[in-house]
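Some notes on the structure that comes next.
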Amino acid sequence: MNALIILYSYHHNNTEKIAKVIATSFNAEIKTPEQVDPNDISNFDFVGFGSGVYMGKLGKPLLELADKLPEVKDKKAFIFSTSGRAGKNATKFHQSLREKLTSKGFTIVGEFNCGGFDTYGLLKIGGGIQKGRPNEDDLKQAATFAKNIQNNQSTILYVE
Ligand SMILES: Cc1cc2nc3c(=O)[nH]c(=O)nc-3n(C[C@H](O)[C@H](O)[C@H](O)COP(=O)(O)O)c2cc1C
């Protein structure tokens, strides 16, 4: 069961922490969107797409890669993110990537989100929000998420 993790994370490398846990569980390589040849996607059973949330959306390079992907069949994808507004406030952040992947024929087998330290803009003045996140509990939940998917248990987990 091979997997590829595609990651866009730059603000505080918050999403990278989640990506590493998931990649370890799958024994998968992590690549940036720029490192991925869209035609290589067919070599993997699972493709995980991870990013911070920027202006209400996942990272632009990830969304642009999704546009370049070929049509696929029987291919499983999952989406994970970190954001300043987490939990149930975060469900809409995955929408555009979810729609792009579904239109290419991917089956979305999981979605994960948790808080990520956020010092964007004026938030910096107050020292930021979601300090210390992702925390140990978030990482544990990410590990459970990865295991569930590997066991064919579709999982949607938005950690408050
Ligand atoms: C330019 C920018 C825009 C952001 N916009 C949002 C947003 O719209 N909603 C939100 O909840 N968090 C927002 N954030 C916070 C990030 O989603 C959060 O810090 C995330 O964990 C960053 O992930 P990263 O460290 O992997 O890049 C924004 C951060 C930056 C730098």
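Every number here is computed from the coordinates shown, using simple stated rules; none is lab data. The structure presented is a predicted model; accordingly, all values stated were derived computationally and were not measured. Using ideal geometry, Cβ is built from the backbone for each residue, glycine included, and neighbour counts are taken over all protein chains shown.
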DSSP bridge orientation in the chain - percent antiparallel, rounded to nearest 5: 10
Region 14-68: C-alpha pair distances exceeding 13 Å, %: 62
For 125, 5, 156, which order do you get if you count the other beta carbons within 10 Å of each Cβ and list the fewest first? 125, 156, 5
Under the rule of at least 5 residues apart or a separate chain, name every residue whose amide H is placed under 5 Å from the amide H of residue 112. 79, 80, 81, 157
For residue 149, the net charge from surrounding residues (Cβ-Cβ under 12 Å; K, R +1; D, E -1) works out to 0
Give me the net charge of residue 63's neighbourhood, meaning all other residues with Cβ under 9 Å from the Cβ of residue 63; Lys, Arg count +1, Asp, Glu -1. +1
Output wanted: per-residue J couplings in Hz (rounded whole) for region 41-51, from phi through Karplus 6.51 cos²θ - 1.76 cosθ + 1.60, θ = phi - 60°, x for Gly and Pro. 4, 5, 7, 10, 6, 10, 10, x, 10, x, 6
Compare 25, 83, 51 in a GNM of the chain, Cα atoms joined below 10 Å, and give the one with the largest fluctuation. 25
The chain: relative contact order in percent, alpha carbon pairs under 8 Å with at least 6 residues between: 24
Binned Cα-Cα distance frequencies in the chain - 5 Å width, integer %: 2, 10, 21, 24, 22, 13, 6, 2, 1, 0
In sequence order, what are the phi-derived ³J(HN,Hα) couplings for region 25-40 according to the Karplus relation 6.51 cos²θ - 1.76 cosθ + 1.60 with θ = phi - 60°, rounded to whole Hz, with x for glycine and proline? 4, 8, 6, 10, 8, 9, 10, 7, x, 5, 7, 9, 8, x, 6, 7
Ignoring everything except DSSP H segments at least 4 long, calculate the 222 nm mean residue ellipticity for the chain; use -39,500 (n - 2.57) per segment, divide by total residues, nearest 500. -9000 deg cm²/dmol
How tilted is helix 136-150 with respect to the longest principal axis of the chain? Cα atoms for both, answer in degrees (0 to 90, nearest 10). 10
